[in-house]
Amino acid sequence: MTARRRLQDAPIIDAARGETPSRMPVWFMRQAGRSLPEYRTIREGISMLDSCFRPDLLSEITLQPVRRHNVDAAILFSDIVVPLKAAGIGVDIVPGRGPVMESPVRTKEDIVSLAQLDSEVIEISEGITRILQELRSDQALIGFAGAPFTLASYLVEGGPSKNHERTKALMHAEPELWHQLMERLVPSICAFLWTQIDAGVDAVQLFDSWAGFLSERDYREFVLPYSRQIFDELRSSNIPRIHFGVGTSEILGAMSEAGAEVMGVDWRVPLDQAARRITEASGPKVLQGNLDPAILQAGTQVMRQEIARICEEARRAQAEHTACGHIFNLGHGVLPNTAPEAITEAVEIIHSEGVFH
Ligand code: 1CP
């Protein structure tokens, strides 16, 4: 394990710890990737998953948006299926589609024989070491993993899914199998996160991207206990833990009970409302979000208005003691056809916003 570097005045980490940052911190989900021409150039002829296991590429791609946009954090260039691949499970990332499994995981036999990740992923550690050498001491590196439910959806469906119906059917028709699958995934996700933490990431985000497809009742019974296990295990790292999902307005309270100190909020719910839901369930948290990614394509005037509104909602929540900080982000990932110049401009506008004292 490498010694954790000492960050100085890193706005994202200060905000995540509930302290007053020196400026409004911002990073964008999917800031690395297809919106950047330099990404498309470097990836030419190399598959997505191959690039995730090349320390030189994963560090360069992680750093590209930081150099270009002056964001306050880098997000590790990787994917939620990388730990599955590292464990030896047959998975590919198909351009224009997403992760596709060689064989879906649906039966008891599939689940008990599902390979687990039980060691460090050396290529990821090496990539992180390179990234940390280049980041300034006020810029954080965020590591991440997919949450058990979202990963399970790709495994059970066999690929991206519109309605997640096979996943939900398994959950309800064969709850014991479902719980077994969740129990099998938790250690692999933890191992992947510990690889990143041991290599020196400054914060981690657990993406439960598709949890918003569940009712609160189902989320609590079939998902929450496993996400909570992951956050419990990460507590001893002492780095900020972030939790995010799409369309999670109805389950924000339940999700906040998993134990992260920062709650990502998608764009469908105003931050001050989100803060009340979270506080009611588990006490005030730091909020992260929540500009609609489409607004990056709506021009300067609209961006200014929407950014100001979101910051105002976050300040209101803090004044009402339903939130203890705000990290600016989108309400989901950067859309691939977004102009890079608009992203840079949004960062400048956000940095000019005042912070709550
Ligand atoms: O060839 C390519 O460029 C493939 C596109 C791509 C990229 C750039 C995929 C395929 N994954 C990634 C990188 C990635 N994935 C990052 C790092 C980049 C960054 O954020 O700056 C991260 C954090 C992820 C995480 C991820 N992968 C999530 C959770 C975040 C989210 O967007 O909700 C999910 C659900 C995935 C699965 C996935 N991988 C790729 C795609 C197109 C998808 C979604 C497929 C679907 O719609 O189901």
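The values are calculated or read from the model by the stated rules, or taken from the named source; none is laboratory data. These figures come from a predicted structure and were not determined experimentally. Neighbour counts run over all protein chains shown; Cβ positions are idealised from the backbone, glycine included. For the accessible areas, the whole protein counts, side chains as well, though only heavy atoms, and no ligand, DNA or RNA atoms are used. Shrake-Rupley method; radii C 1.70, N 1.55, O 1.52, S 1.80 Å.
Would segment 224-234 turn up any residue that is part of a loop (DSSP other than H, G, I, E, B) and either modelled with pLDDT of 95 or more or more than 14 Å from Asp208 (Cβ to Cβ) (or both)?
So far as segment 224-234 goes, no, none of its residues is part of a loop (DSSP other than H, G, I, E, B) and either modelled with pLDDT of 95 or more or more than 14 Å from Asp208 (Cβ to Cβ) (or both).
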Checklist outcome for this item: (1) touching a strand residue (DSSP E or B) at 6+ places or on another chain (Cβ under 7 Å); (2) open to solvent by 10 Å² or more (accessible area, probe 1.4 Å); (3) among the polar types (S, T, N, Q) all hold for Gln180 apart from (1)
Item to check | Residue among Asp110, Asp138 that is among the charged types (D, E, K, R), under 21 Å from Gly98 (Cβ atoms) and open to solvent by less than 60 Å² (accessible area, probe 1.4 Å) | outcome: Asp110
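Quick grid of which residues meet (1) open to solvent by less than 20 Å² (accessible area, probe 1.4 Å); (2) within 16 Å of the ligand (Cβ to nearest atom):
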site: Ser227; (1), (2): yes, yes
site: Ala254; (1), (2): yes, no
site: Val262; (1), (2): yes, yes
site: Glu280; (1), (2): no, no
site: Asn290; (1), (2): yes, yes
site: Cys311; (1), (2): yes, no
site: Ala319; (1), (2): no, no
Next on the checklist: Kindly evaluate Pro148 against the criterion of being surrounded by 24 or more Cβ atoms within 10 Å (Cβ to Cβ), within 30 Å of Arg268 (Cα to Cα) and within 16 Å of the ligand (Cβ to nearest atom).
Outcome noted: yes
Checklist entry - Considering Ile122, Ile89, which residue is out of contact with any Phe, Trp or Tyr (no Cβ under 9 Å at 6 or more places or on another chain), over 30 Å from Phe328 (Cβ atoms), of a type outside the set (Phe, Trp, Tyr) and surrounded by fewer than 16 Cβ atoms within 10 Å (Cβ to Cβ)? => result Ile122
Item to check | Residues being within 19 Å of Ile93 (Cβ to Cβ) and part of a loop (DSSP other than H, G, I, E, B) - total across segment 115-154 | outcome: 4
Next on the checklist: Based on this model, can you work out whether Phe244 counts as under 15 Å from the mean Cα position of the chain (by Cα), under 27 Å from Arg5 (Cα atoms) and away from the ligand (no atom under 16 Å from the Cβ)?
Outcome noted: no
Checklist entry - Which one of His326, His357, His332, His243 is surrounded by fewer than 20 Cβ atoms within 10 Å (Cβ to Cβ) and either in contact with a Leu (Cβ under 9 Å, 6 or more places away or on another chain) or not in a helix (DSSP H, G or I) (or both)? => result His357
Checklist entry - Tell me, which helices (runs of 4 or more DSSP H) wholly within segment 9-83 include 2 or more residues that are more than 10 Å from the ligand (Cβ to nearest atom)? => result 11-16, 37-43, 55-69
Next on the checklist: Which count do you get for residues in segment 199-217 that are more than 10 Å from the ligand (Cβ to nearest atom), outside any helix (DSSP H, G or I) and open to solvent by 20 Å² or more (accessible area, probe 1.4 Å)?
Outcome noted: 1
Checklist entry - So which residues in segment 1-38 are modelled with pLDDT of 95 or more, β-branched (Val, Ile, Thr) and open to solvent by 10 Å² or more (accessible area, probe 1.4 Å)? => result Ile13, Thr20
Checklist entry - Among the numbered criteria (1) within 20 Å of the chain's Cα centre (by Cα); (2) under 17 Å from Pro21 (Cα atoms); (3) surrounded by fewer than 20 Cβ atoms within 10 Å (Cβ to Cβ), which single criterion is violated by Ala294? => result (2)
Checklist entry - Which of the residues that make up segment 265-278 are open to solvent by 50 Å² or more (accessible area, probe 1.4 Å) and of a type in the set (A, V, I, L, M, F, W, C)? => result Trp267
